[in-house]
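Engineer: For reference, the structure I am asking about is given below.
What follows draws every value from the coordinates through simple rules; no lab data is involved. These numbers were taken from a predicted model, which means no experiment stands behind them. When we count neighbours, we look across all protein chains shown, and the Cβ atoms used for this are built from the backbone with ideal geometry, even at glycine.
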Amino acid sequence: MDQQQLERTARALVAPNKGILAADESTGTIKKRFDSIGVESTAASRIGYRETFFTAKGANENISGVILYDETLRQNIGDGRSVPKALMGVGILPGIKVDTGAKPLVGHPGESITEGLDGLLDRCQEYYKIGARFAKWRAVYKIFDGKPSHACIHANAHALARYAAIAQEAGLVPIVEPEVLMDGDHTIEAYEAVSGWAWAEVFRELCYLNVHLEGILLKPNMVLSGTTCPTQASVSDVAEATVRLLRRVVPPAVPGIVFLSGGQSDVRATEHLNAMNQLGPHPWELSYSYGRALQAPALKAWAGSAANAPVAQAAFLHRARCNGAARTGTYTPAMEAAPARA
């Protein structure tokens, strides 16, 4: 493990004005996205859609890395270049989702454990050879009926730490993603308490397994009100609660926090990130690793046709620029009215 290289890669992923595009939707997930616009999901349509983002001129101004799915990492774009080579050619780092998904946690109905540790070192080493330079593993926690349980919190924290240690051994910067879902009627206070518990347990396990903290990134949820909570927290309340919790739990050795959007609207995810950066300075970079919050407008514009690529790229670049501004707390609502330029 080259710790200095891991540190350089981690810092590059949270470089000023930049964040990560999460394009690691599984085949099943992207089929649902395509179904929403009436497009058949095939290997060709999937790479055609994703190539729209990968080849958008100027994307590297606000996108530092792209998390890929196994299929995508192995594909070529239209000009014959491999996806990793095409991304690296414009200064964007390729990453890879390495977990195999959340499965039921035995003995704990309604809770899950993320699997994929078996054979992980071999897979990570192969991914590095193909061109990946960072990885991602997602754990999921639900708030319901007095849950999550200690078993769920601990089991997922241990799996995240084992993954992180293995990824670093293979030369990949691990993105550690403990996501407390926003689904439910819980208050922002309850969300903060559960998130703090989950994140603290993750860092405890990371330390037990000697994970090099300077060579990881944390991808957490923001601290929000539950989706069906009668009282929805304001943007400033979310920013203050999230930053307060990060300061309590996340060691300053960690180079950056790359938030997931977690079902928020594209604009609201930008507003929250902007408000958090206005509360700085912080000991870590506060950035983004968004999927739908970067892609949603572009998906509608693309609509399955290569002819729509320029419009889809403009929509994508607009969201990337808005989030790039949020990285420094300089995003304003007026930016949403500005015409997107490809």
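Engineer: With the chain treated as a Gaussian network of Cα nodes joined by springs under 10 Å, which of Thr328, Thr72, Thr29 yields the largest mean-square fluctuation?
Structural biologist: The residue with the greatest mean-square fluctuation here is Thr29.
Engineer: If you don't mind, there's one more thing I want to ask. Could you please rank Ser225, Ser26, placing first whichever residue has the fewest other Cβ atoms within 10 Å of its Cβ? List each step's numbers first, then the result.
Structural biologist: Numbers: Ser225 23, Ser26 14.
In increasing order of surrounding Cβ atoms, one gets Ser26, Ser225.
Engineer: Here is a further query. For the chain, with the dipole built from +1 on Lys and Arg beta-carbon atoms and -1 on Asp and Glu ones, taken about the Cα centre, which of Phe144, Thr55, Asn323 lies farthest toward the positive end?
Structural biologist: Projecting each Cα onto the dipole axis, the largest value belongs to Thr55.
Engineer: From the phi angles alone, apply the Karplus equation (6.51, -1.76, 1.60; θ = phi - 60°) to segment 68-85 and give each ³J(HN,Hα) in whole Hz, x where the residue is Gly or Pro.
Structural biologist: Couplings: 10, 8, 3, 4, 5, 4, 9, 8, 10, 8, x, 8, x, 6, 5, 4, x, 5 Hz.
Engineer: Residues with amide H under 5 Å of Ile63's amide H, sequence separation 5 or more or different chain, H placed in the peptide plane at 1.01 Å from N; which?
Structural biologist: For Ile63, the qualifying residues are Gly19.
Engineer: Rounded if a/c is under 1.5, else prolate if a/b is larger than b/c, else oblate: which is the chain, with a ≥ b ≥ c the root eigenvalues of its Cα gyration tensor?
Structural biologist: Working: a/c = 1.38, a/b = 1.16, b/c = 1.19.
Rounded is the answer for the chain, as its axis ratio a/c remains below 1.5.
Engineer: A follow-up question, please. Post the alpha-carbon centroid distance, segment 173-244 to segment 85-150, in whole angstrom.
Structural biologist: 17
Engineer: Along the charge dipole of the chain, which of Val176, Ala306, Ala132 sits closest to the positive end, that is, farthest toward it, with unit charges on the beta carbon of Lys, Arg, Asp and Glu (+1, +1, -1, -1)?
Structural biologist: My answer, from the dipole projection, is Ala306.
Engineer: Let me ask something else. For Phe54, Phe34, which order do you get if you count the other beta carbons within 10 Å of each Cβ and list the fewest first?
Structural biologist: Numbers: Phe54 23, Phe34 19.
Going from sparsest to densest Cβ surroundings: Phe34, Phe54.
Engineer: Treat the count of other C-beta atoms within 10 Å as a stand-in for reagent exposure and order Cys152, Cys207 from fewest to most. Mind showing how you got there, number by number?
Structural biologist: Working: Cys152 21, Cys207 12.
Ranking Cys152, Cys207 by Cβ neighbours within 10 Å, fewest first, gives Cys207, Cys152.
Engineer: Among Gly38, Gly91, Gly19, which one moves the most in a GNM of the chain with springs linking Cα atoms closer than 10 Å?
Structural biologist: Residue with maximal mean-square fluctuation among Gly38, Gly91, Gly19: Gly38.
Engineer: Please report, in debye to the nearest 20, how large the charge dipole of the chain is about its Cα centre when each Lys and Arg carries +1 at its beta carbon and each Asp and Glu carries -1 there. Could you put the intermediate results ahead of the total?
Structural biologist: Values: 34 positive and 34 negative charges, 172 e Å.
Here the size comes out at about 820 debye.
Engineer: If you put +1 on each Lys and Arg Cβ and -1 on each Asp and Glu Cβ, how big is the dipole of segment 24-92 around its Cα centre, in Debye rounded to 20?
Structural biologist: On the way: 9 positive and 9 negative charges, 15 e Å.
The dipole of segment 24-92 has a size of about 60 debye.
Engineer: Still on this model: To the nearest 20 debye, what is the magnitude of the charge dipole of segment 181-336 about its Cα centre, counting +1 on the Cβ of each Lys and Arg and -1 on the Cβ of each Asp and Glu?
Structural biologist: 400
Engineer: At 7 Å along Cα-to-Cβ for each site, give me the label-to-label distance between Glu40 and Asn210 in nm.
Structural biologist: Spacing of the two 7 Å Cα→Cβ label points: 5.3 nm.
Engineer: I would also like to ask the following. Could you check which residue among Gly80, Gly95, Gly262 shows the biggest mean-square fluctuation in a GNM of the chain with a 10 Å Cα cutoff?
Structural biologist: Sorting by GNM fluctuation, first place goes to Gly80.
Engineer: Counting only C-alpha contacts under 8 Å and six or more residues apart, can you give the relative contact order of the chain as a whole percent? Show your work: numbers first, answer last.
Structural biologist: Working: 679 pairs, mean separation 63.2, N = 342.
The normalised contact order for the chain reaches 18 percent.
Engineer: For the pairs Lys31/Lys103; Lys103/Lys129; Lys85/Lys129, flag any whose C-alpha to C-alpha distance is greater than 22 Å. Show your work: numbers first, answer last.
Structural biologist: On the way: Lys31/Lys103 20 Å; Lys103/Lys129 29 Å; Lys85/Lys129 12 Å.
Over 22 Å Cα-Cα: Lys103/Lys129.
Engineer: Further, regarding this structure: How large is ³J(HN,Hα) for each residue in segment 233-246, as worked out from phi by the Karplus curve 6.51 cos²θ - 1.76 cosθ + 1.60 (θ = phi - 60°), to whole Hz, x for Gly and Pro?
Structural biologist: With the stated coefficients, segment 233-246 comes to 5, 6, 4, 5, 5, 4, 4, 5, 5, 5, 5, 4, 5, 4 Hz.
Engineer: Okay, next question. Which one, Val223, Pro297, Ala275, projects farthest toward the positive side of the charge dipole computed for the chain from Cβ point charges (K/R +1, D/E -1)?
Structural biologist: Pro297
Engineer: Something else now. From the phi angles alone, apply the Karplus equation (6.51, -1.76, 1.60; θ = phi - 60°) to segment 324-329 and give each ³J(HN,Hα) in whole Hz, x where the residue is Gly or Pro.
Structural biologist: Listing the rounded values in order: x, 5, 5, 4, 10, x Hz.
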